């Protein structure tokens, strides 16, 4: 990727579940309008209250979308509660063995896209990991509280009639397109960071924060957020301050 090339990718907004549930979803641009503005991705920390593995059919487009159905396609549903509200996280067409480690009662950190089917607003997870340290929850809550105290909020707009009409047309939408990542035409910054760091780790030298920022062409704060997440996911590490390498 050239140094001047940039990618469009919507950042994950840290929030509580009740911020999602009180927001207004716009089918027109597949976005949720919240007190934190227009949101496509969220990051929530919550407890798994229930977990279900369900065989479902991708052709189903009716109100029974969330009901168990005999099919060859598996979906996993997690009911998540963070103390402010309850929301469902749904993984479509996945291998259940990859998610065996997640159980009822676990506290998880989830980054995912906001989706809606009929009246159901839910999260489609992209990254999901178990949290063992209570301080992590306190830190994340502090981030949200600080945003609110600093006035980084907005009034939630009403959704216009055009969006309502589009919502009523969802029965005609193919289920694969409905649940596809609407940003998939843009390469993932996360994957690009991993690729660049991996290339510079071959000689054991790694790459500096500044060089990585110049190559990706994204803001300092955005890069910091991605690097922090990748370090938590054990994808990369700092061999020395500000120098990043890939785990072998």
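Key figures for this structure:
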quantity	calculated
Boolean, residue 38 is closer than 15 Å to residue 125 by Cβ and either surrounded by fewer than 20 Cβ atoms within 10 Å (Cβ to Cβ) or free of Cβ contacts under 8 Å to residues at least 12 places away in the same chain (or both)	no
Unique match (being at pLDDT below 90, under 16 Å from the mean Cα position of the chain (by Cα) and not in a helix (DSSP H, G or I)) among 152, 184, 158	184
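Yes or no, residue by residue, for (1) at pLDDT 90 or above; (2) under 16 Å from the mean Cα position of the chain (by Cα); (3) part of a strand (DSSP E or B); (4) outside the structural domain of residue 218 (by TED's automatic domain parsing):
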position	(1), (2), (3), (4)
3	no, no, no, yes
6	no, no, no, yes
20	yes, yes, no, yes
28	no, no, no, yes
44	yes, yes, yes, yes
50	yes, no, yes, yes
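The values are calculated or read from the model by the stated rules, or taken from the named source; none is laboratory data. These figures come from a predicted structure and were not determined experimentally. Note that we place each Cβ from the backbone using ideal geometry, even for glycine, and neighbour counts take in every protein chain shown.
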